[in-house]
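Each value in this text was obtained by applying a stated rule to the coordinates, not by laboratory testing. Since the structure is predicted, the reported quantities are computational estimates derived from the model, not experimental observations. Here Cβ is always computed from backbone atoms with ideal geometry, including for glycine, and neighbour counts include all displayed protein chains.
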Amino acid sequence: MRFLNIVIFALAITYLSGCIGSGEVAEIKETKETDHKLPSVTGINLIGENIAVPDDLAGDLKLLTIAFQREQQKDVNTWIEALPAFEKINTNLHYYEIPVIYEMNALQRMIVNNGMRSGIPDLEARKRTITIYTDQKRYIELIDANVNAIKTVLLDQKNHIIWEVNGPLTEEKKTALLSIIQPEK
């Protein structure tokens with residue numbers, strides 16, 4: 001009974017305060033294609049929309065920075081800070097921040113979602129931050145990542161991975177990415 005009261009209270013606070021809900025624990029849909037693709041998995045952005053990653057993402061080119069631990073935000077920020085330069089080079093590039101978190105119950109997910117939301121006041125940043133709650137270990141394995149380092153991937157219009165790198169942005173990585181996203185003249 002006490003747990004039910006807590007859930008009802010949390011839902012009431014969410015409804016009344018404009019917070020977002022919990023999203024769902026997502027099943028990973030592995031691709032059977034031989035092409036280099038990310039598995040499909042649904043997350044929730046920080047305005048409360050359920051979004052399938054990468055299937056629902058906009059843009060001819062999609063840059064996804066995928067993080068696995070809270071402490072990796074400083075590495076993610078190195079990519080976010082470079083966004084204006086990337087977007088000036090190619091206006092068809094869309095950026096997404098993808099925290100991939102282990103499975104949690106609904107109340108825990110709601111607390112995490114709204115904690116992140118409160119730290120990001122910019123509406124566009126909230127739209128492009130999509131949190132995925134899933135079997136984190138399996139997802140990391142499928143994308144050939146390491147839990148101790150962020151992974152950044154560039155997807156083409158058909159969601160094929162055309163470039164990928166681990167860790168924070170460096171000048172070398174920036175130069176390599178800029179050479180790929182430069183529109184043909």
**Q.** Three principal axis lengths of the stretch 57-145 [C-alpha, angstrom, descending]
**A.** 41, 32, 24
Q. Once the Cα atoms of the chain are picked out, what are the Rg and Dmax in Å?
A. 17.0, 66
Q) Taking K and R as +1 and D and E as -1, what net charge do the other residues with C-beta under 12 Å from the C-beta of residue 86 add up to? A) +2
Q.
7 Å from Cα along Cα→Cβ at both residue 30 and residue 166: what's the point-to-point distance in nm?
A. 2.1 nm
Q | the stretch 141-185 - Rg (one decimal) and Dmax (whole number), Cα, Å | A | 11.9, 39
Q: Please list 161-170, 92-101, 139-148 highest first by mean number of surrounding beta-carbon atoms within 10 Å per residue.
A: 92-101, 161-170, 139-148
Q) Using mean Cβ contacts within 10 Å as the protection proxy, how do 45-56, 171-182 order, highest first? A) 45-56, 171-182
Q: Given the peptides 63-70, 82-89, arrange them by the average over their residues of other C-beta atoms within 10 Å, most packed first.
A: 63-70, 82-89
